[in-house]
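Taking it in order: structure first as structure tokens, then the write-up.
The values are calculated or read from the model by the stated rules, or taken from the named source; none is laboratory data. Bear in mind that the values here come from a model prediction, so they are computed numbers and not experimental data. Note that each Cβ is placed from the backbone with ideal geometry, even for glycine, and that neighbours are counted across all protein chains shown. Remember, those area values only see protein heavy atoms, side chains included, never the ligands or the DNA or RNA. Shrake-Rupley method; radii C 1.70, N 1.55, O 1.52, S 1.80 Å.
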Amino acid sequence: MPLPQLTTVKWGIMATGKIANAMVRDAALVDGTKINAVGSRSIESAKSFAAAHSIPDIHASYEELANDPGVDLVYIATPHNSHFDLINLCLEKGKHVLCEKPLVLNARQAQACATLAREKGLFLMEALWTRFFPAIQQVNHWVQEGCIGQLKNITADFSFAANYDPKGRLFNPTLAGGALLDLGVYPISLATLFLGTPEKIDGSARIGETGVDEEDLIRLEFAGGATAELQCGLRENRPVLATLEGTQGSITIHERFHHPDRITLHSFGGETVNETFPIQGAGYHYQIAAVSQSIREGNTEHPAVPLANTLCNLKIMDSLRQQWGLSYPDD
């Protein structure tokens, strides 16, 4: 049964951190979207967030937010290890859900969430914002048009020197910290966007003193012989670049490929094309607009980030973590 169509999608924000703040600021750029409520484990944090963004409804718990009749969709921006329970809470309360990356910790949890969303007839999507940028859409157009011939290899690296805090989100195993779930989702999702499901998954990781993966090397092999050579890490600043190599040329997604505004097409024996896409705000408005439009149209998934692809990416990460002997308390 199709979902009832909405003129304006009323969002509730679950958590009040950095990404949640950026999302709410960018939502002001999107017609047909209204931030109606915020929920936090701390009423003081919720009040401060609401005052900063002129949000009318304030909730002192996540369950209160999920129960708010004035909310159509909940955006979840909490730590990774809480996603599964909160997605289920929101779906059970009849709310559509956009949840930050990774959607959940593993493929088993993702399948359970997808099943529940389909049973409820509700929208569910992982917040892979990169796929909605105009630069990525142009790269996809070049690939589909055969501008670089048959795609043979993708390289991508998302690494930076994080401030070391053994109790913080990135380095704390009880919060599902580490490079793979936080950063590796970007190069992996780029590879599966253009190459599909891999046939072979290999990788190595350096496990730090807190027990999380701090530097990862990943190699994926696909049908037809295509490969992806991917990296992510928390200990070293490296250019956050991605390159797609084909039989007739290459495409470079320049610095900050996860937040792209500049791309280059180089055709072997032909001209080089540089394209620039100025980004308004922080760049979250592309995703916000796409999600609100999907819900207004009565859809339960968005074709740019289907649940099948989210499941594929988590299966890849599950396989890598199994190879590394890496697990989380909530797995």
Note: PHE160 to VAL273 extended length (0.36 nm per residue) minus current alpha-carbon separation gives 37.8 nm
In region 132-225, the GluC sites (Glu not before Pro) that sit in a DSSP loop and have at most 10 other Cβ atoms within 10 Å of their own Cβ are GLU145, GLU209
Scoring the chain by relative contact order with C-alpha pairs under 8 Å, at least six apart, yields a percentage of 20 percent
In whole µm²/s, the translational diffusion coefficient that Stokes-Einstein assigns to region 185-296, given a Kirkwood hydrodynamic radius over C-alpha pairs, 37 °C and 0.692 mPa s, equals 199 µm²/s
The answer for ARG262, listing residues at least 5 apart or on another chain whose modeled amide H is closer than 5 Å to its amide H, is HIS254, PHE277
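Which pairs, out of LYS120/LYS200; LYS18/LYS95; LYS101/LYS167, put more than 27 Å between their alpha-carbon atoms?
Details: LYS120/LYS200 34 Å; LYS18/LYS95 23 Å; LYS101/LYS167 20 Å.
Pairs exceeding the cut-off: LYS120/LYS200.
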Extend 7 Å from the Cα of LEU217 along its Cα-to-C-beta direction; within region 178-206, residues with backbone N under 12 Å of that point are 203-206
Percent relative contact order for region 154-215, counting Cα pairs under 8 Å at least six residues apart, stands at 35 percent
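At 1.4 Å probe size, with the rest of the protein present, what percent of the exposed accessible area of region 166-301 is carbon and sulfur atoms? Each step should come with its number before you reach the end.
On the way: 2620 of 5670 Å².
Of all accessible area on region 166-301, carbon and sulfur atoms account for 46 percent.
Evaluate the chain: find the radius of gyration of its Cα atoms, find its Kirkwood radius, and give the ratio Rg to Rh. Please list the in-between numbers first.
Numbers: Rg = 19.7 Å, Rh = 20.4 Å.
Using Cα coordinates only, the ratio equals 0.96.
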Simple SL model, points at 7 angstrom along Cα→Cβ for ALA51 and THR264; separation in nm is 4.9 nm
In deg cm²/dmol, rounded to the nearest 500, the helical mean residue ellipticity at 222 nm of the chain, built from -39500 (n - 2.57) for every DSSP H run of length 4 or more, is -9500 deg cm²/dmol
Under the Karplus relation with 6.51, -1.76 and 1.60 and θ = phi - 60°, whole-Hz ³J(HN,Hα) for region 155-170, x at Gly and Pro, equal 10, 7, 9, 10, 9, 7, 8, 7, 5, 7, 9, x, 9, x, 4, 6
Packing-ranked peptide list from 268-274, 34-40, 238-244, 312-318, highest mean Cβ count within 10 angstrom first, is 34-40, 312-318, 238-244, 268-274
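Tally up the carbon and sulfur contribution to the accessible surface of region 1-79 as a whole percent, 1.4 Å probe, everything protein left in place.
On the way: 1970 of 3810 Å².
Answer for region 1-79: carbon and sulfur cover 52 percent of the accessible area.
With the other protein chains left in place, how much accessible area per residue, in square angstrom, belongs to region 1-124 at a 1.4 angstrom probe? The partial results should precede the final answer.
Working: 5240 Å² over 124 residues.
Per residue, region 1-124 has 42 Å² of solvent-accessible surface.
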